[in-house]
Ligand code: URA
C-alpha cells in the first residue's frame, strides 16, 4: 500500500469479498454483498473530506457541530458494472450528484470508445468519486478519468472492488493524482484481460447475464 493505493483490509470487507468470489454464489447474494461492501468502501473513500461546523441547537444547548464542507460530491459510475458499486455508495451519501460514463472496447483497436457521458455541473468544485468494481487493464478507467478531467474535474478518487497490478500501474502512470481505493489487489490478468483469481465478469455476476 502507498499513497496512490489504499487497500481496505477490514475483516468485514474481506469476508464478504470471499463470498462474492465463490463461483456458486447466487446473483441475488452477489448483489447484496456488493451493496454491503460498497457501503464499507464508501466509508474509506470519503475519509479526510474537508469539514466545517454548523451552528445547531441540541435539546440542551447550542453547539458548533461538524459537517462536511463544500459542494455536494459527485459519484460517477463507469457503465455498466459501476452501477453495482454506485447503489451502495449512494445509500450512504444520498445527496451526492450522480454521473455516468459509458465506454465500449473497439475490437479492432482494443481502445475504449465513448458511447455515453453525462455528469453533474460544476465538476471542478466537487470531489468526484469514479466507481468501477474491476480495475483490470486500466484502459477504460484511464479513459473515463481523462473524460472527467476534460469536463473540469480536478479532485478525483477511484473506487473499485478488485485491482490487478497491471491496472494499478496504468493508472499510476496516466493519473498519479487520482488515489485508488480497493478491497483487493489480485495476482495478474489472464490473456483475456480477466483478473486472476478475481471473481469472473462482475457485470454478468451482478446482473445475471452471460
Ligand atoms: N472485468 C470484469 O468484470 N472482470 C475481470 O476480471 C476483468 C474485467
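Counting every other Cβ atom within 10 Å of each residue's Cβ, 166, 124, 173, 61 order from fewest to most as 61, 173, 124, 166. Run the helix sum for the chain: -39,500 (n - 2.57) per DSSP H stretch of 4+ residues, divided by residue count, reported at 222 nm to the nearest 500 deg cm²/dmol. About -10000 deg cm²/dmol. From the Cα gyration tensor of the range 17-163, with a ≥ b ≥ c the square roots of its eigenvalues, which class applies: rounded if a/c is under 1.5, or else prolate if a/b is larger than b/c, or else oblate? Because a/c hits 1.5 or more and a/b fails to exceed b/c, the range 17-163 counts as oblate. Decide, for the range 100-185, between rounded, prolate and oblate: order the square roots of the alpha carbon gyration tensor eigenvalues as a ≥ b ≥ c, take rounded if a/c falls under 1.5, and otherwise choose prolate if a/b is larger than b/c, else oblate. Taking the square roots of the gyration eigenvalues as a ≥ b ≥ c, the range 100-185 is oblate. Under 1.5 on a/c is rounded, so check that first for the range 14-70, then, if it is not, pick prolate when a/b is larger than b/c and oblate when it is not; a ≥ b ≥ c are the square roots of the alpha carbon gyration tensor eigenvalues. Prolate.
Cα centroid separation, the range 1-60 to the range 154-210: 16 Å.
Cut-off 10 angstrom, C-alpha nodes, Gaussian network model of the chain. Which of 58, 154, 109 fluctuates the most? Comparing 58, 154, 109 in a Gaussian network model of the chain, the most mobile one is 58.
By count of other Cβ within 10 Å, fewest leading, how are 204, 186, 57 ordered? Walk me through the numbers on the way to the answer.
Details: 204 13, 186 21, 57 9.
Fewest to most other Cβ atoms nearby, the residues stand as 57, 204, 186.
Every read-out reported here was derived from the displayed coordinates using simple, explicitly stated rules and does not represent laboratory data. Just so we're clear, the structure is a prediction, and the values are computed from it rather than from any experiment. Backbone-built Cβ (ideal geometry, glycine too); neighbour counts: all protein chains shown.
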